[in-house]
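The values are calculated or read from the model by the stated rules, or taken from the named source; none is laboratory data. The structure displayed is predicted, hence computed values, not measured ones. Virtual Cβ from ideal backbone geometry, glycine too; neighbours counted across all protein chains shown.
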There are 4 protein chains.
Amino acid sequence: MKKVKNIAVLTSGGDAPGMNAAIRAVVRTGIYHKLNVFGVMYGYRGMIQDDIVPMDSKSVANIIQRGGTILKTARSKEFFTPEGRKKAYENLKKRGVDGLVVIGGDGSFKGAHVFSQEFGIPCIGLPGTIDKDISGTDFTIGFDTAANTAISAIDKIRDTADAHDRLFIVEVMGRDAGYIALYSGLATGAEHIMVPERPSDIENIVAALQDNERRKKLVNIIVVAEGCPHGSATEMAEVVRREIPSFDTRVCILGHIQRGGSPSCMDRIIASRLGYAAVKALLEGKYQSHMAGVINNEVRYTPFEQAIKTTEQIGEEWFGLYRILAS
Amino acid sequence: MKKVKNIAVLTSGGDAPGMNAAIRAVVRTGIYHKLNVFGVMYGYRGMIQDDIVPMDSKSVANIIQRGGTILKTARSKEFFTPEGRKKAYENLKKRGVDGLVVIGGDGSFKGAHVFSQEFGIPCIGLPGTIDKDISGTDFTIGFDTAANTAISAIDKIRDTADAHDRLFIVEVMGRDAGYIALYSGLATGAEHIMVPERPSDIENIVAALQDNERRKKLVNIIVVAEGCPHGSATEMAEVVRREIPSFDTRVCILGHIQRGGSPSCMDRIIASRLGYAAVKALLEGKYQSHMAGVINNEVRYTPFEQAIKTTEQIGEEWFGLYRILAS
Amino acid sequence: MKKVKNIAVLTSGGDAPGMNAAIRAVVRTGIYHKLNVFGVMYGYRGMIQDDIVPMDSKSVANIIQRGGTILKTARSKEFFTPEGRKKAYENLKKRGVDGLVVIGGDGSFKGAHVFSQEFGIPCIGLPGTIDKDISGTDFTIGFDTAANTAISAIDKIRDTADAHDRLFIVEVMGRDAGYIALYSGLATGAEHIMVPERPSDIENIVAALQDNERRKKLVNIIVVAEGCPHGSATEMAEVVRREIPSFDTRVCILGHIQRGGSPSCMDRIIASRLGYAAVKALLEGKYQSHMAGVINNEVRYTPFEQAIKTTEQIGEEWFGLYRILAS
Amino acid sequence: MKKVKNIAVLTSGGDAPGMNAAIRAVVRTGIYHKLNVFGVMYGYRGMIQDDIVPMDSKSVANIIQRGGTILKTARSKEFFTPEGRKKAYENLKKRGVDGLVVIGGDGSFKGAHVFSQEFGIPCIGLPGTIDKDISGTDFTIGFDTAANTAISAIDKIRDTADAHDRLFIVEVMGRDAGYIALYSGLATGAEHIMVPERPSDIENIVAALQDNERRKKLVNIIVVAEGCPHGSATEMAEVVRREIPSFDTRVCILGHIQRGGSPSCMDRIIASRLGYAAVKALLEGKYQSHMAGVINNEVRYTPFEQAIKTTEQIGEEWFGLYRILAS
């Protein structure tokens, strides 16, 4: 087995807090092991357009606490074509890059998998997404920060809901995965939580709210994941306004504030551990096309095929839990 | 002049961070001066419905740092009728209330003014509104917190805007007043700020953005006050998408998070000073129907008629300033 | 087996953020299952002094986001005597309490264990301590919040360290356990981390700092756990000032700010899950004297004897990790 | 009068949040007016050592929200000597610098004043200090952020004080000025506030605490400015422990966290306005050796001699206020 000498790192897809901490860990671990480390700007697009810069220890100084990604990120259609990937490969090849670290979500891993197969370059993925929707890891880089941002916002919303006796329907991020909704809803005492993974019984929710109305419990919060197929926050508000017109119903869409901000302790730690683990995996040469994740507090490597395919189901006990606690 | 013995305090209209600090100051100053202090729940509505509770020093313990209002707030149509105000008066009268403190915005002051005239009960208003849209005071209780919440959110949005090279159009609160937009826009380095007080030259903004596009300055933030007559954030996004389709344009509506949260230092201080000043004014009997405000760092009393009417204009120099600094 | 009907809950030892979330979960789960729930004020002291109040659903409303503990906490010497425990038992007995939930650290569990043995009252412990020093659980209620408070403080300290080219020695909490130091140090890019579990090689640290001095890396942060036997922050500062007088060395002791504040998402979730699990355990009658913890993201019950005895060791790989990443 | 063409900016003395916002405003306003702008690293020391870099618009991008100062800061003894200032002048002269902006405290202004007199270079000072101890301005850059950091810390301390029924003595920054103590104490409902400007009647404080002990008010907070001549936090704790041994008394020294962190809205606004005003003053050539401050919300220029000499006194009414409100 040929020993790796030059590695590159990129961030791809939606940005997530903690990506900078992961970049820092990749760069510093690489340099510690005498590797040359390159940073690819704007994800796969920069790889194709040769937007690649050498990194040293200083280039990642003082970024562990910053949101966003110093390497920028983008989505690239061209990388889905063989021609695009060929160009990307040429740009790595001319720098002698023989190992790649891709920080992103499952879409990014699909690209990395194909690329790795086609050109024989070992690729290690790190789960960087606020959605926590990737199997092969208990946590994703960015999820904990996003959940904390959401609870801090919902705490504020509860202040005003309490002051006015209002129902607030709060939409949080999560296109396919309801974890931000579930965690932030449970953590803020939300009366109802709606997630994509599980049909929401709208009739039931309305009945429960009507019951609250009778009991003079007028302050209510519903947390809805944006990807909820059974009704967005706005649609849900229409239903409530029609069925319970006496309720003072408001909608808040938290939006992109959930992507930014200084990463939480947990996200910085996971990002640091996984960045380190990615370089270790490249150095050891054992993994060709894998994601490094944390399972039961230990680093584990999962083949990209499996990191891509599965979507973890949210256990039924979680829904029982928040309902009992919010009652 | 009859000395005041029993006073009541209420919060009215939209809630604002710092209202609890103001309530605390009114209650404790009243008790210190041997007054009986009553809390009216849900603003004028509770005054009409006799939802009035005696307050003691403990009832306002540990609230100076809390958002919302422990007295709750509401809007009351009935108080705009003579019958409603009569009922309200009876409820005060039977408790011997001979002084009222109203924490709220200009709509609440209008009601207090009429009420005071009709029944001869001295009323002191405190400017409690996040909008900073009341003349007779340099600051309103809640504005500084709301502005800080907005900048903290926009800082987060800038993280993700930077990561993706995006244009974000951020809508902040402010129906008639653009101060939150102005302050938060200036404080976050926004490229454009749109406020209700001043026509926004949409063509000019688009031209400036097109210029930025040419210069490869793709990260841009526009802060828009919700009350902007020349186009909401959503409408503005349509314009930009049409005129500069190459821009990756996103909209964020910050919404009610701006109303909640622990009040800032400045809001707690102003609320404390003004709550104290309101009771002082009732004790001294000099003011019958006035708002207590802070002008040039000193407490000043302004007749409700003047606190209502004027809307301060935002000086032209502010607009020059942010444009130069964001360039 | 007799079915449990009346339960009591208390917080004991040092307070930790998330205790209120745990109390809420115990109370609401109990009420949901038709139990009577009592709150014991001031831990074991209140149990002895009969400071016990009935709890209903409303008494725990709006506390999930609050630091501290509404049940207050204290240390009680009397509970270590048979007489004290007898009195405590009588006070529970007269209310028919047949199940007890104790939220606290290992000292509190020792008391609960003896009490449970002596009087046959099932006791379930919940790990409530910022120190994460209890075996039988991966996380303790309060640790994540304390770690986040520490990193937010150290981030601020780094700002001023950077501005002045200074060395800061930051002391964080953790008498026997270095987890707050380890996590906050790793998450803030600290150059050195000193923990009680592992001898710190002071000479080595000084040599590394001297090396940094030669390389003109003058901004350095050392995070020290308060229980570090090899030298407190103040002592360490003396060593550095003596050995490297050219360094501008400052000490910060973060202190009790690490105990307070609104709990993080993770702490609220763990507290909610464990509060629910404690009542479940009492209802099912399977556990007599156990701590409910979270291991590998699942609730597990550990006999108090085992929750007390072990102290988890910090793996060597963590120390390698931060050193590589801070270099 | 010769028109200014090349200006330099530096930060000096203790760092303060908002210094970066001020640097950004100076640089961008200068560039907007076609000036060449230089950044002097490490304050006067860098001016002497020729550590001076050209600044462009990009060099101050994305710093408005950052704590610390990108120009770094230091104290320089050499600048107090004619030789040192001569060297500094030569370094400015060779770049044609004909205007200097100094962001710092009164010590820095003294240096700027002498320098300006000696070499005829117009110097404008901006009040950058968390202490708010400079006359000629209502606010200093950094004070509002430091006060907010302090109240956020004291709020957390109150959580744990409440949980344990404790007295906390909290030491905040402020060597000669008690404003941080006064504002943060008032804003957190502290029972006592001790400042350098005013003798604290220790006997009185102890008597009041003893009275609280009798009334079972065991949770108490004393905020002490570090510069308090009548006793530091630690000394005060000794007094209380001796006089009221039944109190559970703890000390917290907030320390350098008060210097760092993202600046508040108000600090960013003031810094932006004053940075702009400094360049305007240099362009207009009206002021030779002045500080730009904000008085009654308007920019005013004060000769360095006056900005140095006076120390504003804290009005007696503030002390009456917090005592009434905390009772």
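Residues that are within 14 Å of chain B (Cβ to nearest Cβ), within 26 Å of residue A:164 (Cβ to Cβ) and touching a His at 6+ places or on another chain (Cβ under 7 Å): does the range A:256-279 have at least one?
no
Restricting to the range A:6-33, what's the tally of residues that are more than 14 Å from chain B (Cβ to nearest Cβ) and surrounded by 24 or more Cβ atoms within 10 Å (Cβ to Cβ)?
Within the range A:6-33, residues that are more than 14 Å from chain B (Cβ to nearest Cβ) and surrounded by 24 or more Cβ atoms within 10 Å (Cβ to Cβ) number 10.
Could we say that residue D:184 is of a type in the set (Ser, Thr, Tyr), away from every other protein chain (no Cβ under 14 Å) and on the phi < 0 side of the Ramachandran plot here?
Details: of a type in the set (Ser, Thr, Tyr): yes; away from every other protein chain (no Cβ under 14 Å): no; on the phi < 0 side of the Ramachandran plot: yes.
Criteria not met by residue D:184.
With a cut-off of at least 3 residues that are under 24 Å from the mean Cα position of the chain (by Cα), of a type outside the set (D, E, K, R) and within 14 Å of chain D (Cβ to nearest Cβ), name the strands (runs of 3 or more DSSP E) lying wholly within the range C:34-109.
Numbers: elements: C:36-40, C:52-55, C:99-104.
The strands (runs of 3 or more DSSP E) meeting that bar number zero.
Can you pull out every residue in the range C:114-132 that is part of a loop (DSSP other than H, G, I, E, B) and buried (at least 24 other Cβ atoms within 10 Å of the Cβ)? I'd like the intermediate steps shown before the answer.
Within the range C:114-132, the first condition is being part of a loop (DSSP other than H, G, I, E, B), and the residues that meet it are C:120-122, C:129-132.
Matches in the range C:114-132: C:129, C:130, C:131, C:132.
Scan the range A:157-165 and give yes if some residue there is within 30 Å of residue A:220 (Cα to Cα), out of contact with any Phe, Trp or Tyr (no Cβ under 8 Å at 6 or more places or on another chain), part of a strand (DSSP E or B) and within 14 Å of another protein chain (Cβ to nearest Cβ), otherwise no.
no
Looking only at the range C:43-65, which residues are farther than 20 Å from residue C:13 by Cβ and either buried (at least 23 other Cβ atoms within 10 Å of the Cβ) or not assigned by TED's automatic domain parsing to the domain that holds residue C:109 (or both)?
C:55, C:60, C:64
Across the range D:28-49, what is the number of residues that are free of Cβ contacts under 8 Å to residues at least 40 places away in the same chain and within 20 Å of residue D:105 (Cα to Cα)?
Here the count works out to 6.
Residues to consider are C:253, C:257; find the one that is among the β-branched types (Val, Ile, Thr) and more than 24 Å from residue C:107 (Cα to Cα).
Details: C:257 fails: more than 24 Å from residue C:107 (Cα to Cα).
Being among the β-branched types (Val, Ile, Thr) and more than 24 Å from residue C:107 (Cα to Cα) holds for just one of C:253, C:257, which is C:253.
Taking the range B:223-264 as the search range and keeping residues that are of a type in the set (A, V, I, L, M) and under 22 Å from the mean Cα position of the chain (by Cα), which one is farthest from residue B:145 (Cα to Cα)? Reasoning before the result, please.
Kept after step one, since they are of a type in the set (A, V, I, L, M), are these residues of the range B:223-264: B:223-225, B:233, B:236-237, B:239-240, B:244, B:251, B:253-254, B:257.
Pick out the ones that are also under 22 Å from the mean Cα position of the chain (by Cα) and you get B:223-225, B:233, B:253-254, B:257.
On the way: B:223: 17, B:224: 18, B:225: 16, B:233: 22, B:253: 17, B:254: 14, B:257: 11 Å.
So the residue we want is B:233.
Run residue D:136 past the list (1) on the phi > 0 side of the Ramachandran plot; (2) not in a loop (DSSP other than H, G, I, E, B) and report the number of the one that doesn't hold.
(2)
Working only within the range A:280-311, note down all residues that are surrounded by fewer than 18 Cβ atoms within 10 Å (Cβ to Cβ), in a loop (DSSP other than H, G, I, E, B) and either away from every other protein chain (no Cβ under 11 Å) or modelled with pLDDT of 95 or more (or both).
Correct list: A:285, A:286, A:288, A:310, A:311.
Answer yes or no as to whether residue A:137 is out of contact with any strand residue (DSSP E or B) (no Cβ under 8 Å at 6 or more places or on another chain) and of a type in the set (Val, Ile, Thr).
Working: out of contact with any strand residue (DSSP E or B) (no Cβ under 8 Å at 6 or more places or on another chain): no; of a type in the set (Val, Ile, Thr): yes.
No; evaluated as a whole, the condition is false for this residue.
Of the residues A:76, A:108, only one is among the polar types (S, T, N, Q), closer than 20 Å to residue B:164 by Cβ and touching a strand residue (DSSP E or B) at 6+ places or on another chain (Cβ under 7 Å); which? Talk me through it step by step, then tell me what you get.
On the way: A:76 fails: touching a strand residue (DSSP E or B) at 6+ places or on another chain (Cβ under 7 Å).
Going through A:76, A:108 in turn, just one is among the polar types (S, T, N, Q), closer than 20 Å to residue B:164 by Cβ and touching a strand residue (DSSP E or B) at 6+ places or on another chain (Cβ under 7 Å): A:108.
Provide a single number: the residues in the range A:180-214 that are under 24 Å from residue A:259 (Cβ atoms), aliphatic (A, V, I, L, M) and out of contact with any His (no Cβ under 9 Å at 6 or more places or on another chain).
Just the residues of the range A:180-214 that are under 24 Å from residue A:259 (Cβ atoms), to begin with: A:180-188, A:190, A:193-197.
Retained after the next criterion (residues that are aliphatic (A, V, I, L, M)): A:180-182, A:186-187, A:190, A:193-195.
Then keep just the ones that are out of contact with any His (no Cβ under 9 Å at 6 or more places or on another chain); that gives A:180-182, A:186-187, A:190, A:193, A:195.
Number satisfying all stated conditions: 8.
Return yes or no: is residue D:63 modelled with pLDDT of 95 or more and closer than 23 Å to residue D:129 by Cβ? Even if it seems obvious, please write down each step before you answer.
Details: modelled with pLDDT of 95 or more: yes; closer than 23 Å to residue D:129 by Cβ: yes.
In short, yes.
Kindly provide the set of residues from the range A:168-222 that are hydroxyl-bearing (Ser, Thr, Tyr) and either surrounded by fewer than 17 Cβ atoms within 10 Å (Cβ to Cβ) or out of contact with any helix residue (DSSP H, G or I) (no Cβ under 8 Å at 6 or more places or on another chain) (or both), ordered by number.
Of the residues in the range A:168-222, the ones hydroxyl-bearing (Ser, Thr, Tyr) are A:179, A:183-184, A:188, A:200.
The one that is hydroxyl-bearing (Ser, Thr, Tyr) and either surrounded by fewer than 17 Cβ atoms within 10 Å (Cβ to Cβ) or out of contact with any helix residue (DSSP H, G or I) (no Cβ under 8 Å at 6 or more places or on another chain) (or both): A:200.
Restricting attention to the range C:233-255, and to residues there that are farther than 24 Å from residue C:214 by Cβ and within 14 Å of chain D (Cβ to nearest Cβ), which single residue is surrounded by the fewest Cβ atoms within 10 Å (Cβ to Cβ)? Talk me through it step by step, then tell me what you get.
Let us first name the residues in the range C:233-255 that are farther than 24 Å from residue C:214 by Cβ, namely C:233-235, C:252-255.
Filter again for within 14 Å of chain D (Cβ to nearest Cβ), leaving C:233-234, C:252-255.
On the way: C:233: 23, C:234: 12, C:252: 23, C:253: 20, C:254: 27, C:255: 23.
In this case the residue turns out to be C:234.
So which of C:268, C:273 ends up being among the charged types (D, E, K, R), over 30 Å from residue D:75 (Cβ atoms), touching a Gly at 6+ places or on another chain (Cβ under 9 Å) and buried (at least 20 other Cβ atoms within 10 Å of the Cβ)? Give the derivation first.
Working: C:273 fails: touching a Gly at 6+ places or on another chain (Cβ under 9 Å).
None of the others qualify; the one that does is C:268.
Determine, yes or no, whether residue A:141 is touching a residue at least 40 places away in the same chain (Cβ under 8 Å), under 30 Å from residue B:256 (Cβ atoms) and either within 12 Å of chain B (Cβ to nearest Cβ) or not hydrophobic (A, V, I, L, M, F, W, C) (or both). Steps first, answer last, please.
Working: touching a residue at least 40 places away in the same chain (Cβ under 8 Å): yes; under 30 Å from residue B:256 (Cβ atoms): yes; either within 12 Å of chain B (Cβ to nearest Cβ) or not hydrophobic (A, V, I, L, M, F, W, C) (or both): no.
Answer is no for this residue.
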